[in-house]
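First comes the structure, then the notes that go with it.
The values are calculated or read from the model by the stated rules, or taken from the named source; none is laboratory data. Predicted model, so just to flag it, every value in this text is computed and none were measured. Note: ideal-geometry Cβ built from the backbone for every residue, glycine included; neighbour counts use all protein chains shown.
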Amino acid sequence: MALLPVHTASRDPVLLPTFPETIQGVIQSDLNYSVVLKCLTAVSPNPVLHWTLNGQPCGTGSMLIIRKLSWQHLGTYTCTAKNSQEEHSSKSVTISLSQGNVDPTDAEPIEPNPIFSLSGRSAIALVIAGNLGILIVIAGMGFTIIQSQRRLVPFTPVH
Ligand SMILES: *[C@@H]1O[C@H](CO)[C@@H](O)[C@H](O)[C@H]1NC(C)=O
């Protein structure tokens with residue numbers, strides 16, 4: 001009963017996949033770069049999605065797109081999904097500026113987070129996207145959602 005790309009995530013009623021991906025809840029980026037936060041929820045039916053930045057409301061909708069990161073965008077975001085029966089919030093995600101310029105070859109390998117790991121084509125889309133552009137990322141995320149919905153409708157238990 002979850003519109004989520006990964007079955008291990010179904011215990012979390014609201015997930016917040018991001019581009020770039022978070023490392024321990026933090027997105028490190030630089031000014032003028034793009035950041036995308038996506039809210040995925042198992043709240044059903046009719047979830048309404050609200051975003052907050054540092055506790056202040058900062059928009060509604062399933063996706064928060066920052067085209068050019070500036071100082072005013074830095075801070076801690078959460079997504080809250082709400083309908084007439086229930087209300088749940090995602091874990092928070094903090095956007096901060098990269099600490100200096102780390103040489104990528106010196107960087108520690110990062111374990112993929114099982115909750116946010118995307119499967120198949122969408123993962124490739126994210127890799128290809130790199131710095132090329134935000135549209136590919138959005139397409140990749142959309143693909144994941146469409147794909148997961150397709151898998152779950154009609155819903156058939158897999159036991
Ligand atoms: C970001 O963009 C502005 C204007 O487009 C430019 O003046 C500034 O130097 C850029 N900052 C960085 C860190 O690239």
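Looking at 58, 39, which is the one that is among the hydrophobic types (A, V, I, L, M, F, W, C), over 14 Å from residue 91 (Cα atoms) and at pLDDT 95 or above?
Checking each option against the conditions leaves just 58.
Take segment 1-36 and flag every residue that is away from the ligand (no atom under 16 Å from the Cβ), of a type in the set (Ser, Thr, Tyr) and at pLDDT 95 or above.
Residues satisfying the conditions are 18, 22.
Which residues, taken from segment 64-87, are part of a strand (DSSP E or B) and either crowded, with 16+ Cβ neighbours inside 10 Å or aromatic (Phe, Trp, Tyr) (or both)?
Matches in segment 64-87: 64, 66, 75, 77, 78, 79, 80, 81, 82.
Can you report the number of residues in segment 9-55 which are farther than 16 Å from residue 68 by Cβ and outside any strand (DSSP E or B)?
Going through segment 9-55 one residue at a time, the tally reaches 20.
Restricting to segment 42-55, give me the number of residues that are surrounded by fewer than 17 Cβ atoms within 10 Å (Cβ to Cβ), farther than 21 Å from residue 30 by Cβ and modelled with pLDDT of 95 or more.
Of the residues in segment 42-55, 2 are surrounded by fewer than 17 Cβ atoms within 10 Å (Cβ to Cβ), farther than 21 Å from residue 30 by Cβ and modelled with pLDDT of 95 or more.
From 89, 122, 148, which residue is more than 16 Å from the ligand (Cβ to nearest atom), at pLDDT 95 or above and of a type in the set (Gly, Ala, Ser)?
On inspection, the qualifying residue turns out to be 89.
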